[in-house]
Every structure is written in structure tokens, then in C-alpha cells.
Amino acid sequence: MKRVVVYESQTGSTKQYAEWIARQIDAQLIALNECTASILQQADLIVFGGSVHGGSINGKRKFSKIAKKATANNLIYFGVGIRPSTPRTLELIRNSNFDSNSNVPLFYFRGKFDPDALNQSDKTMIRIYQSMLKRRRDIHQEDVELLDTMRYPCDFISEEQIDPLVQEIRNRI
Ligand SMILES: Cc1cc2nc3c(=O)[nH]c(=O)nc-3n(C[C@H](O)[C@H](O)[C@H](O)COP(=O)(O)O)c2cc1C
């Protein structure tokens, strides 16, 4: 059974999770910009992960096009962000990235963030996002926490977060 883990990562957290997953499930690891439809065509199982920016899973659109050409159907997705790992976070990411009737397996892992290391356009995006959240009248406790988290460098990466995804794959064998 051939397995492939494809990832899109800007600051390394998604890449780290992809490496751990590939090692645990004995899969080929490949960056999205090196991935082709023919690589995916040969795979029985494909895991795709991308960092979450503004709710969207980075690279998901590009990946979906390649995967569609490969007519891949055995897909598992994961997103990496700094939001707390809760059912609400998973739902927000699902709603922002998949059709309402999609039941594709989706997992979420916490990454890392350094406000001082952002490039100018990311800094602007974060500032817009922060002021958008602050203006909400009914701001959710998780968003209050997120605003706080974004003020300082943080690192929530840990290997055990991938356990449910690895288990899902093992259950299919
Ligand atoms: C411009 C920008 C937007 C972001 N938006 C979100 C977001 O909507 N939700 C979230 O949980 N994290 C968000 N983050 C945090 C990243 O998802 C986090 O830093 C992640 O670990 C990055 O993954 P990478 O290291 O693989 O690039 C954002 C970060 C940046 C720079």
C-alpha cells in the first residue's frame, strides 16, 4: 500500500507534523510545490496538511486541483494553527475549507507563532484580523484567548497530537 503525505508550510510547523505522520505511517513525504498528479495517482492513501491562515488551509486549493487530476479519493486532511484545539476550531476550519456536505476526514494540530518574525504583509493581515475580532460584540472566549496568544511568540507543537490521525489510518488497514 503506497501512502503519501503532502504539506504546505511557511514557518515549519506543518512540515514537522507531516514528517512525524510520514514516519509513523511509513509514507512518502513531499512538499506541495514538488507534488504532481502522477505521484498522487500511484498512492492508495494521501494525507494533505497546510497551515491555517485566516481560517483557510494554505495550499488546499492547489492540492485539490492536483488530487482531482489524479482522481484520488482516499484523502485525509489536517490544518495547523494556533487556535485552541477544540471542536469549534475544527468546525470553523471545516466550514472555511470544505463544502457543507463534505465529510472528508479533517484533523487539527497546534503550531507555533512569532509576531516579531512576520513579514510585512502577514503583519498587516494579523492586524486586520485582530481588529476584526476586537470589534465583535459577541466575542467568543476562544477568540479572546487567540488575541492574547498572538501577542507573544508561542510554540504548541507536540508529536502526540497526530495520534488520532495515525489511528484513523491504522483502522483502515
Ligand atoms: C497571516 C497569518 C494568519 C493566520 N491565521 C490563523 C488562523 O486563522 N487561525 C489559526 O489558528 N492560526 C492562524 N495563524 C497562525 C499559523 O497558522 C501558525 O503560525 C502555524 O503554525 C503556521 O504553520 P507553518 O509553520 O507550517 O507555516 C496565522 C498566521 C499568520 C502569519
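Brief remarks on what is shown
- In order through segment 14-25: 3J(HN,Hα) via Karplus (6.51 cos²θ - 1.76 cosθ + 1.60), integer Hz, x for Gly, Pro: 5, 4, 4, 5, 4, 4, 4, 4, 4, 5, 6, 9
- Most mobile listed residue (Ala22, Ala31, Ala117) in the chain, GNM with C-alpha springs under 10 Å: Ala117
- Taking trypsin sites (Lys or Arg not before Pro) across segment 116-150, the ones in a DSSP loop with at most 11 further Cβ atoms lying within 10 angstrom of their Cβ are Arg136, Arg137.
- Here's how it looks for His53: its modeled amide H is under 5 Å from those of Asn58, which are all 5 or more places away or on a different chain.
- C-alpha long axis of helix 163-172 to longest principal axis of the chain, angle in °: 30 degrees
- 3J(HN,Hα) along segment 128-138: 5, 4, 5, 6, 4, 5, 5, 6, 5, 6, 9 Hz, from the Karplus curve 6.51 cos²θ - 1.76 cosθ + 1.60 with θ = phi - 60°, whole Hz, x for Gly and Pro.
- Shown for the chain: lysine pairs separated by 8 or more places, or found on different chains, whose C-alpha atoms are under 29 Å apart, numbering 24.
- Database remark: amide H of Phe107 closer than 5 angstrom to the amide H of Tyr77, Phe78, Gly79 (H placed geometrically; neighbours at sequence offset of 5 or more, or on other chains; Pro and chain starts carry no H).
- Segment 31-173, dipole about Cα centre (Lys/Arg Cβ +1, Asp/Glu Cβ -1), debye to the nearest 20: 640 debye
- Dipole in debye (nearest 20) - segment 60-100, about Cα centre, beta carbon charges: Lys, Arg +1; Asp, Glu -1: 240 debye
- Structure remark: mean-square fluctuation, Gaussian network model of the chain, C-alpha springs under 10 Å; the largest value among Tyr77, Tyr108, Tyr17 belongs to Tyr77.
- Under a Gaussian network description of the chain, with springs only between Cα atoms under 10 Å, the residue in Gly50, Gly79, Gly12 that fluctuates furthest is Gly12.
- Rounded to 5, the percent of DSSP beta bridges in the chain classed as antiparallel: 15 percent
- Rounded FRET efficiency, nearest 0.05, which uses the C-beta distance separating Val144 from Thr71 and R0 of 45 Å: 0.55
- With a Förster radius of 30 Å applied to the beta-carbon distance between Arg151 and Asn95, the computed FRET efficiency rounds to 0.70.
- Only one residue of Asn119, Ser131, Ile162 has its Cα farthest out toward the positive end of the dipole of segment 95-173, where Lys and Arg carry +1 and Asp and Glu -1 on Cβ, and that residue is Ser131.
- Lys/Arg +1, Asp/Glu -1 at C-beta; segment 58-124 dipole; positive extreme among Asn74, Phe107, Leu90: Asn74
- Note on the chain: the alpha carbon radius of gyration divided by the globular reference 2.2 N^0.38 Å gives 1.05.
No lab work stands behind these numbers, since they all come straight from the coordinates. The structure displayed is predicted, hence computed values, not measured ones. All Cβ positions, glycine included, derive from the backbone under ideal geometry; neighbour counts span all protein chains shown.
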